[in-house]
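Here's the structure we're looking at; comments come further down.
Values in this text are rule-based calculations from the coordinates and carry no lab data. The structure displayed is predicted, hence computed values, not measured ones. FYI the Cβ positions are ideal-geometry reconstructions off the backbone, even for glycines, and counts take in every protein chain you see.
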């Protein structure tokens with residue numbers, strides 16, 4: 001993103017956060033959106049926790065799923081809940097894009113379904129259309145991403161696509177009739193489906209979870225053609241999935257390079273999608289620093305010609321860490337070659353003396369072993385020399401929280417774990 005575009009985004013965020021934008025007319029540019037897909041929180045405390053996370057991350061919008069079934073089960077309570085969500089978000093400077101329908105076909109095409117749908121839409125639109133925090137309406141999430149369309153034969157797919165598009169187009173017009181002011185979009189599963197609604201919507205919206213940079217770029221090219229053809233702004237309203245080879249730092253970087261606003265899926269690492277989606281754990285910790293850095297416009301370096309590789313032994317700390325482990329494990333080292341099938345390592349006398357001066361371990365306690373293991377773990381993690389899906393330091397913290405009795409039961413496993421860390425550090429630093 002150019003400096004000029006970054007300034008536009010920054011000013012857009014300020015404009016929204018100040019509460020001066022009430023979304024009373026569609027905008028020509030939504031590149032300022034830095035949002036997350038979200039759900040109606042179970043309680044106020046959870047909602048405000050999530051919004052605090054969003055503020056810390058400088059995110060400014062949510063795309064939230066509404067539910068016709070939830071509305072019909074208790075209309076008054078549900079409307080109050082949704083209005084409270086929008087108003088609370090607005091208090092935190094976060095706008096809202098409500099999603100009226102999910103692509104649950106063929107149920108929505110049943111003979112008597114439309115009347116109930118219209119009653120639900122009327123209630124929701126009237127409840128929210130004058131709210132300051134409303135950014136735009138998303139009529140439907142991924143209309144074609146369902147078995148009704150995907151598992152049909154090629155000939156039947158064309159017919160079903162027309163049925164689905166007919167339903168969506170009806171409700172675009174229906175919402176615009178009730179609320180002729182606020183912008184309307186449809187979050188399409190793939191950019192090729194944007195053609196079903198591009199002439200009616202105010203904002204063209206597509207999703208991208210493709211696997212490589214070249215495929216993602218092809219997806220943007222298709223979406224941008226629709227944007228150019230219909231002279232309408234473009235957003236990517238779902239992106240990022242580590243289980244689909246669409247990592248956050250890649251997907252966000254490409255969106256920023258195209259100067260397109262985005263909504264990542266999703267904010268909280270919890271629940272059904274937690275193993276492949278999410279930025280922040282409920283306790284405020286994170287899984288991948290690269291995903292958080294990408295939100296701020298910093299991306300992992302991938303140019304090997306100019307990469308500066310970390311050297312954890314530059315000041316001999318790798319040697320000192322290895323020496324400390326040898327010292328706290330003592331004669332136990334002689335047991336390990338049979339376990340690992342390799343010769344035990346030996347650090348220099350100077351390194352042993354140096355590590356002893358640093359830590360002065362007393363005896364061969366489990367806590368001493370964990371302390372020395374952390375010395376190695378921090379060097380390995382800081383230099384990105386170990387997989388971080390289960391950081392060594394996390395295992396160390398798990399053991400530290402055990403009672404002394406339980407730690408003693410784990411002594412053998414802890415010794416082997418510590419020894420393995422030292423071997424990895426020795427190998428990476430070529431200390432042979």
Legend entry - Two-site label geometry, residue 420 and residue 192: point separation in nm, points 7 Å out along Cα→Cβ: 4.5 nm
Inset, instruction - May I ask you to sort 145, 429, 194 by Cβ crowding, counting other Cβ atoms within 10 Å and putting the fewest first? - result: 145, 429, 194
Inset, instruction - With a 10 Å radius around each residue's Cβ, average the other Cβ atoms per peptide and rank 311-319, 246-254, highest first. - result: 246-254, 311-319
Legend entry - Calculated FRET value between residue 65 and residue 214, using beta carbons and R₀ = 30 Å, to 0.05: 0.45
Inset, instruction - Pick out which of 58, 157, 68 has the largest mean-square fluctuation in a Gaussian network model of the chain, springs linking Cα atoms closer than 10 Å. - result: 157
Legend entry - For a label point 7 Å along the Cα-to-beta-carbon line of residue 126, residues of the range 171-190 with backbone N under 16 Å: 174-180
Inset, instruction - Taking the chain as the reference, fit the longest principal axis to its C-alpha atoms, fit the long axis of helix 349-359 to the helix C-alpha atoms, and give the angle between the two in degrees, 0 to 90, nearest 10. - result: 60 degrees
Inset, instruction - Take 258, 207, 188 and order them by how many other Cβ atoms sit within 10 Å, fewest up front. - result: 258, 207, 188
Legend entry - Modelled label reach - residue 229, point 7 Å along Cα→Cβ, the range 183-202 residues with backbone N closer than 15 Å: 190-201
Legend entry - For the range 65-158, average projected area of the Cα convex hull in nm²: 6.8 nm²
Inset, instruction - For the chain, build the convex hull from the C-alpha positions and give me its volume per residue in Å³. - result: 197 Å³
Inset, instruction - Kindly rank 129-142, 36-49 from highest to lowest mean number of other beta carbons found within 10 Å of each residue. - result: 129-142, 36-49
Inset, instruction - Calculate, for residue 365 and residue 147, the FRET efficiency according to 1/(1 + (r/R0)^6) with r their C-beta to C-beta distance and R0 60 Å; round to the nearest 0.05. - result: 0.55
Legend entry - the range 254-316-the range 224-242 distance, computed between alpha-carbon centres (Å): 22 Å
Legend entry - Within a Gaussian network of the chain (alpha carbon springs, distance under 10 Å), most fluctuating of 28, 395, 229: 395
Inset, instruction - Give me the distance in nm between label points sitting 7 Å out from Cα along the Cα-to-Cβ direction at residue 178 and residue 385, one decimal. - result: 6.1 nm
Inset, instruction - Please identify, among 104, 153, 214, the residue showing maximal mean-square fluctuation in a Gaussian network model of the chain using a 10 angstrom Cα cutoff. - result: 153
Legend entry - Distance (nanometres) between label positions extended 7 Å along Cα→Cβ at residue 118 and residue 394: 5.2 nm
Inset, instruction - Round to the nearest 0.05 the FRET efficiency obtained for residue 403 and residue 302 when R0 = 30 Å and r is the Cβ-Cβ distance. - result: 0.10
Inset, instruction - Kindly rank 91-97, 118-124 from highest to lowest mean number of other beta carbons found within 10 Å of each residue. - result: 91-97, 118-124
Legend entry - Helix axis angle, 317-329 relative to the chain longest principal axis, alpha carbon, degrees: 60 degrees
Inset, instruction - Compute the acute angle (0 to 90°) between the alpha-carbon long axis of helix 411-428 and the principal axis of greatest extent of the alpha-carbon atoms of the chain; round to the nearest 10°. - result: 80 degrees
